[in-house]
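Contents: one structure, followed by commentary.
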Ligand code: SF4
């Protein structure tokens with residue numbers, strides 16, 4: 001008997017799926033390479049509620065899966081980021097719907113298949129945990145038992161390490177505080193042990209994950225180290241180790257970025273020169289309505305600190321266009337901010353209201369065609385900026401981590417320390433190495449190189 005698991009959305013969901021694999025393997029299931037395998041008995045989705053599109057894909061998939069049930073016994077489940085509204089609908093479509101921190105109970109749920117075990121959550125509101133959500137202590141116990149499941153890592157080169165779950169920020173467009181609950185930091189001892197063991201087993205790229213990664217430790221002040229100290233401990237391990245590796249973290253919140261953290265990063269070769277700093281909007285009024293808790297002055301000063309302390313760092317961002325009430329002038333301010341901060345990469349999303357998030361009660365008043373226009377304007381800005389930055393890299397020799405075979409025969413794909421994708425002519429035996437590459441050509445969002 002086999003299982004098939006499909007993570008949607010962010011790296012956190014891909015990381016969660018690695019733990020789901022462990023649990024299903026421990027029950028004797030093998031992993032199917034694709035969903036058409038007739039031996040599949042369990043199929044699951046790790047869902048993402050951040051955008052409606054991702055949820056629409058879940059509905060599409062499960063309807064197909066349910067057709068297979070007339071031909072053979074099949075259990076379906078969904079976990080991950082699931083809003084109340086979707087949970088109620090999912091209960092009619094999936095056999096099991098459970099929060100990811102209940103993963104250790106999945107074998108029992110499969111055995112008792114058909115009995116939904118999670119009570120629906122009542123409505124709460126901005127700034128407050130929902131009635132029915134566990135308190136922070138209970139949430140901590142549950143998520144820690146989830147973290148104790150050893151992940152079945154998907155790659156021998158790169159790995160994700162969750163360090164925190166949930167979020168206390170309550171941005172008005174976001175459902176994460178409702179789907180994942182309040183912030184809980186993973187014990188630093190466990191994080192450091194996992195990082196060290198991954199590096200010792202040959203991984204070259206480690207990404208620390210959390211919804212709000214740099215507020216790590218704030219929920220356990222006095223008992224646990226802060227994020228800069230955690231990074232410093234990884235830097236200390238890097239000094240003791242003879243391995244070359246890069247450590248990344250995502251996503252941080254601009255409010256919690258400190259110069260202490262940037263100083264620690266600047267001092268260590270194992271802490272990558274890469275910062276993912278979500279902007280979301282370039283206008284103070286839009287930021288205020290998003291409840292982002294920073295304004296452009298604060299954001300500008302963080303970027304200035306990054307440029308001063310980490311002059312070679314690549315800068316990535318997230319932006320939402322067409323947020324409720326966003327005027328043309330406010331959007332133009334976002335486009336201007338993109339040019340000002342010269343991002344190397346931006347993940348641009350068209351706003352869609354998420355049921356349960358505060359802004360879902362506000363008018364979704366930017367027409368779809370205008371959202372699409374704004375999206376394309378920013379995409380063009382990004383392409384121009386990134387191409388300009390990449391052209392400056394031509395002729396330089398840069399270290400590149402080779403991660404996989406490229407679609408072009410005889411080539412491998414990889415990325416620079418700043419996560420700029422590079423295609424390199426190289427033998428597949430070099431996958432997993434960090435090699436010096438001479439950049440020979442630039443595209444808007446990638447580079448072409450040859451081993452130096
Ligand atoms: S910081 Fe805001 S956008 Fe990020 S997870 Fe928390 S509430 Fe959502």
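A short reminder: the numbers here are calculations on the coordinates, not readings from a lab. Keep in mind that what you see is a predicted model, and the values were worked out from it rather than measured. Counting neighbours? That spans all protein chains shown, and the Cβs are built from the backbone with ideal geometry, glycine included.
For the range 274-392, the spherically averaged projection of the C-alpha convex hull amounts to 7.3 nm². Placing dummy labels 7 Å off each Cα toward the beta-carbon, the span from residue 200 to residue 36 is 4.4 nm. The alpha-carbon atoms of the range 394-451, seen along their principal axes, cover 25, 20, 17 angstrom, with the largest extent given first.
Given R0 = 22 Å, the distance between the Cβ atoms of residue 88 and residue 113 translates into a calculated FRET efficiency of 0.70. Between residue 229 and residue 430, the modelled label-to-label distance comes to 4.2 nm, taking each label 7 Å out from Cα in the direction of the beta carbon. In terms of other Cβ atoms within 10 Å, 19, 443, 180, 221 run from fewest to most in the order 221, 443, 19, 180. Placing a label point 7 Å from the Cα of residue 154 along the Cα-to-Cβ direction, the residues of the range 4-27 with a backbone N closer than 15 Å are 4-22.
Ratio of Rg to Rh for the chain: 0.95 [Cα atoms; Kirkwood radius as inverse mean 1/r over pairs]. Size descriptors for the range 335-405: radius of gyration and Dmax over Cα atoms are 17.4, 52 Å. From least to most packed, judged by other beta carbons within 10 angstrom and beginning with the fewest, 192, 83 follow the order 192, 83. Note on residue 347/residue 369: beta-carbon distance plugged into 1/(1 + (r/R0)^6) with R0 of 25 Å gives a FRET efficiency of 0.70. Between residue 408 and residue 69, the FRET efficiency from the beta-carbon distance, with R0 = 30 Å, is close to 0.15. The distance linking the range 310-329 with the range 227-296 is 17 Å (Cα centroid to Cα centroid, whole angstrom).
For the peptides 280-289, 157-166, the ranking by mean Cβ contacts within 10 Å, running from highest to lowest, is 157-166, 280-289. Helical content of the chain, expressed as a calculated mean residue ellipticity at 222 nm, amounts to -11000 deg cm²/dmol (DSSP H runs of 4 or more residues, -39,500 (n - 2.57) each, divided by residue number, nearest 500).
When each of 362, 246 is scored by the number of other beta-carbon atoms lying within 10 Å, the sequence from fewest to most is 362, 246. In the chain, the DSSP beta bridges split such that about 35 percent are antiparallel, to the nearest 5.
Highest average first, the peptides 398-404, 212-218 ordered by how many other beta carbon atoms sit within 10 Å of their residues are 212-218, 398-404. For a label point 7 angstrom out from the Cα of residue 11 toward its Cβ, which stretches of the range 247-261 have the backbone nitrogen within less than 19 Å? Label zone hits: 247-258, 261. Shown here: the range 2-119, whose C-alpha atoms stretch 32, 28, 28 Å along the first, second and third principal axes, sorted largest to smallest.
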